[in-house]
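Undergrad: Below are the structure tokens for one structure; questions will follow.
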Amino acid sequence: MIKRNALVLGLALAGAGWGYAGQRAITIEEAVRLALDVGPSARAIALTTERAMAEEEAAGRWENPSISLSREETGGTSETFASLTLPLPIAGRPGLERSAARLAREGTEAAARQGRADLVALVREAFLDLLAAQEREAVLADTWVSLDELTGILKAREREGESSGFDLLRVERELAAIAAERIVARGQVAVLRIHLGVLVALPAEELVAEGDLQATAPLIPLDRALLAADARGDLAALDSEANRLETLSKAAGRRIVPDLALVAGNKTTRIDGFGEESGPIVGLALSLPVFDPGRRSSRALAVDGTLARARREALAQRARAEVRAAHAEAGSRREAEQVYATAGDPAALVAMARAAYEAGEMRILDLVDAYRTVLESRLNTIDLRAAARRAETRLARAIGYEAAP
């Protein structure tokens, strides 16, 4: 008995003082803001957009002019040529290349928008997981305190001969079981803090999720959700990619037009015994598109554009299916949450059982069962609410929202 009591006391002391004092409380809105403002994932998304902007600035520029200098000597005659060659893009390819770069930048921005929506969903789920774990630990702690109080009463009665050792042993075993569950729950809180801390760039040991698991807004109607999903960032990105490839196909097709270059310079001729003379050089140069007329690359780019549109259509169908599935799940989760809540507060069970036990009308097993029933009911409430909020977050991700609807 002494060893058993020492074990129960050790488990109890391990739980005593488990709290969140002095730690960093964070709301779900703040978690999302931090993830988008300073989180490493958001920074990586922003850099892809910066790169696309830089490529747009560099696209479609004229080719650099070239300078040539040569000297020829024949007998007593020497000739020096100095010329500047300036390519003239008469086929209009630079303009098309600039348009393609602009479309690439727009596609990257659209993909970044979807990336942020995915990141927000990830942060919200991590926050909800942590909040649910904290609430589970708090419920277990509250139940442990109630059973610990009952254990103290039974110990006092046993010393006075008013209670059986069986009753005390049964409550102590339940107390130890809940203490063990609480240790596991506390460990889960620590793990989930780490997951959230990485996303919001904060030390994990300081994080505490602040809020509740109640629904905050009505569920978005399915027709509105489907309409919003048609504007998802990844769909818009594929639209831009298809347009970009078609534009590049047009640019490649214009390689059939010879490239023109303006040549200007000076020629100096020196003849021994007669002095030297110089005069201007003006001319035009044409490149002949014999080996690369652009037809093959233009055709390949056109096929790539058609492929991008096919992928966009396939993704749109998957997106609508995702929205329908997520909406159905979110609706059923909310309904389950509401139905379970209609059963009323189970805490009255413990009060009734305690009164019946004190009056000798109930066994200790029934009293412990009442405690366990109330505990499971409260934990089930947390699980149902958390599952509903997660389903709503998945719906928001399927729609492409950067915030839950």
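Undergrad: Among the residues of region 179-233, write down those that are of a type in the set (Gly, Ala, Ser), outside any helix (DSSP H, G or I) and within 19 Å of the chain's Cα centre (by Cα). Steps first, please.
TA: First, the residues of region 179-233 that are of a type in the set (Gly, Ala, Ser): 179-180, 185, 187, 190, 197, 201, 204, 209, 211, 215, 217, 225, 228-229, 231, 233.
Now drop any that are not outside any helix (DSSP H, G or I), which leaves 201, 209, 211, 215, 217, 231.
Selection gives 201, 209, 231.
Undergrad: Which one is farthest from the chain's Cα centre (by Cα) among residues in region 361-370 that are under 22 Å from residue 175 (Cα atoms) and surrounded by fewer than 15 Cβ atoms within 10 Å (Cβ to Cβ)?
TA: Keep residues of region 361-370 that are under 22 Å from residue 175 (Cα atoms), which gives 362-370.
Filter again for surrounded by fewer than 15 Cβ atoms within 10 Å (Cβ to Cβ), leaving 363, 365-366.
Working: 363: 53, 365: 48, 366: 48 Å.
Top of the filtered list is 363.
Undergrad: Would you be able to say whether some residue in region 257-271 is surrounded by fewer than 19 Cβ atoms within 10 Å (Cβ to Cβ), assigned to a strand (DSSP E or B) and either among the hydroxyl-bearing types (Ser, Thr, Tyr) or in contact with a helix residue (DSSP H, G or I) (Cβ under 9 Å, 6 or more places away or on another chain) (or both)?
TA: The answer is yes, given that some residue of region 257-271 is surrounded by fewer than 19 Cβ atoms within 10 Å (Cβ to Cβ), assigned to a strand (DSSP E or B) and either among the hydroxyl-bearing types (Ser, Thr, Tyr) or in contact with a helix residue (DSSP H, G or I) (Cβ under 9 Å, 6 or more places away or on another chain) (or both).
Undergrad: Give the residue, chosen from 117, 91, 82, that is over 30 Å from residue 182 (Cβ atoms) and buried (at least 21 other Cβ atoms within 10 Å of the Cβ). Write out each step before concluding.
TA: Details: 91 fails: buried (at least 21 other Cβ atoms within 10 Å of the Cβ); 82 fails: buried (at least 21 other Cβ atoms within 10 Å of the Cβ).
It is 117.
Undergrad: Could you list all residues from region 130-171 that are surrounded by fewer than 21 Cβ atoms within 10 Å (Cβ to Cβ), part of a helix (DSSP H, G or I) and among the charged types (D, E, K, R)?
TA: Of everything in region 130-171, those that are surrounded by fewer than 21 Cβ atoms within 10 Å (Cβ to Cβ), part of a helix (DSSP H, G or I) and among the charged types (D, E, K, R) turn out to be 142, 148, 149, 155, 157, 158, 159, 167, 170.
Undergrad: Taking region 239-260, which residues are modelled with pLDDT of 80 or more, farther than 12 Å from residue 302 by Cβ and among the acidic types (Asp, Glu)?
TA: 239, 241
Undergrad: Of all residues being in contact (Cβ under 8 Å) with a residue 24 or more places away in the chain and of a type in the set (Ser, Thr, Tyr) in region 71-130, which is farthest from residue 259 (Cα to Cα)? Just the residue, please. Working first, answer last.
TA: Narrowing region 71-130 to residues in contact (Cβ under 8 Å) with a residue 24 or more places away in the chain: 76-130.
Subset that is of a type in the set (Ser, Thr, Tyr): 77-78, 80, 83, 85, 99, 108.
On the way: 77: 35, 78: 32, 80: 27, 83: 18, 85: 12, 99: 20, 108: 32 Å.
For region 71-130, the residue satisfying everything is 77.
Undergrad: While we're here: Pairs needed: first member in region 35-49, free of Cβ contacts under 8 Å to residues at least 60 places away in the same chain and among the aliphatic types (A, V, I, L, M); second member anywhere, surrounded by 14 or more Cβ atoms within 10 Å (Cβ to Cβ) and in a helix (DSSP H, G or I); C-beta distance under 9 Å; at least 6 residues apart or different chains.
TA: 44/115
Undergrad: One residue is enough: does region 187-203 have a residue meeting the conditions more than 28 Å from residue 323 (Cα to Cα) and either of a type in the set (Asp, Glu) or in contact with a Phe, Trp or Tyr (Cβ under 8 Å, 6 or more places away or on another chain) (or both)?
TA: No, that holds for no residue.
Undergrad: Just to be sure I understand, how many residues within region 315-352 are over 28 Å from residue 238 (Cα atoms) and either free of Cβ contacts under 8 Å to residues at least 60 places away in the same chain or touching a Lys or Arg at 6+ places or on another chain (Cβ under 6 Å) (or both)?
TA: 19
Undergrad: Please go through (1) touching a residue at least 24 places away in the same chain (Cβ under 8 Å); (2) more than 31 Å from the chain's Cα centre (by Cα) for residue 139 and return the number of the only condition it doesn't satisfy.
TA: Only one criterion in (1) touching a residue at least 24 places away in the same chain (Cβ under 8 Å); (2) more than 31 Å from the chain's Cα centre (by Cα) is unmet by residue 139, namely (2).
Undergrad: (1) among the hydrophobic types (A, V, I, L, M, F, W, C); (2) closer than 26 Å to residue 241 by Cβ; (3) touching a residue at least 60 places away in the same chain (Cβ under 8 Å): which one isn't true of residue 25, the others all being true?
TA: Among (1) among the hydrophobic types (A, V, I, L, M, F, W, C); (2) closer than 26 Å to residue 241 by Cβ; (3) touching a residue at least 60 places away in the same chain (Cβ under 8 Å), residue 25 violates only (2).
Each row is one residue, and each column tells you yes or no for (1) more than 24 Å from residue 173 (Cβ to Cβ); (2) at pLDDT below 95; (3) outside any helix (DSSP H, G or I).
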site	(1), (2), (3)
339	yes, yes, no
344	yes, yes, yes
353	no, yes, no
372	no, yes, no
383	yes, no, no
390	yes, no, no
397	yes, yes, no
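Undergrad: Report, by residue number, each residue of region 196-219 that is among the β-branched types (Val, Ile, Thr) and more than 23 Å from residue 330 (Cα to Cα).
TA: Looking only at region 196-219, we keep the residues that are among the β-branched types (Val, Ile, Thr), and these are 198, 200, 208, 216.
Within region 196-219, 198, 200, 208 meet the criteria.
Undergrad: Here is a follow-up. Assess whether residue 190 counts as being without any contact (Cβ under 8 Å) to a residue 24 or more places away in the chain, of a type in the set (A, V, I, L, M, F, W, C), surrounded by fewer than 18 Cβ atoms within 10 Å (Cβ to Cβ) and touching a Gly at 6+ places or on another chain (Cβ under 6 Å).
TA: Details: without any contact (Cβ under 8 Å) to a residue 24 or more places away in the chain: yes; of a type in the set (A, V, I, L, M, F, W, C): yes; surrounded by fewer than 18 Cβ atoms within 10 Å (Cβ to Cβ): yes; touching a Gly at 6+ places or on another chain (Cβ under 6 Å): no.
Against the criterion (without any contact (Cβ under 8 Å) to a residue 24 or more places away in the chain, of a type in the set (A, V, I, L, M, F, W, C), surrounded by fewer than 18 Cβ atoms within 10 Å (Cβ to Cβ) and touching a Gly at 6+ places or on another chain (Cβ under 6 Å)), residue 190 does not qualify.
Undergrad: Taking only region 134-171 into account, find how many residues are at pLDDT 90 or above and in contact with a Lys or Arg (Cβ under 7 Å, 6 or more places away or on another chain).
TA: Residues in region 134-171 being at pLDDT 90 or above and in contact with a Lys or Arg (Cβ under 7 Å, 6 or more places away or on another chain): 5 in total.
Undergrad: Going by the structure shown, is residue 101 out of contact with any Pro (no Cβ under 9 Å at 6 or more places or on another chain), modelled with pLDDT of 80 or more, farther than 30 Å from residue 177 by Cα and surrounded by 14 or more Cβ atoms within 10 Å (Cβ to Cβ)? So that I can check it myself, show each step before the final result.
TA: Numbers: out of contact with any Pro (no Cβ under 9 Å at 6 or more places or on another chain): yes; modelled with pLDDT of 80 or more: yes; farther than 30 Å from residue 177 by Cα: yes; surrounded by 14 or more Cβ atoms within 10 Å (Cβ to Cβ): yes.
Against the criterion (out of contact with any Pro (no Cβ under 9 Å at 6 or more places or on another chain), modelled with pLDDT of 80 or more, farther than 30 Å from residue 177 by Cα and surrounded by 14 or more Cβ atoms within 10 Å (Cβ to Cβ)), residue 101 qualifies.
The values are calculated or read from the model by the stated rules, or taken from the named source; none is laboratory data. Computed from a predicted model, the values in this text were never measured in an experiment. Positions of Cβ are backbone-derived with ideal geometry, glycine not excepted, and every protein chain shown enters the neighbour counts.
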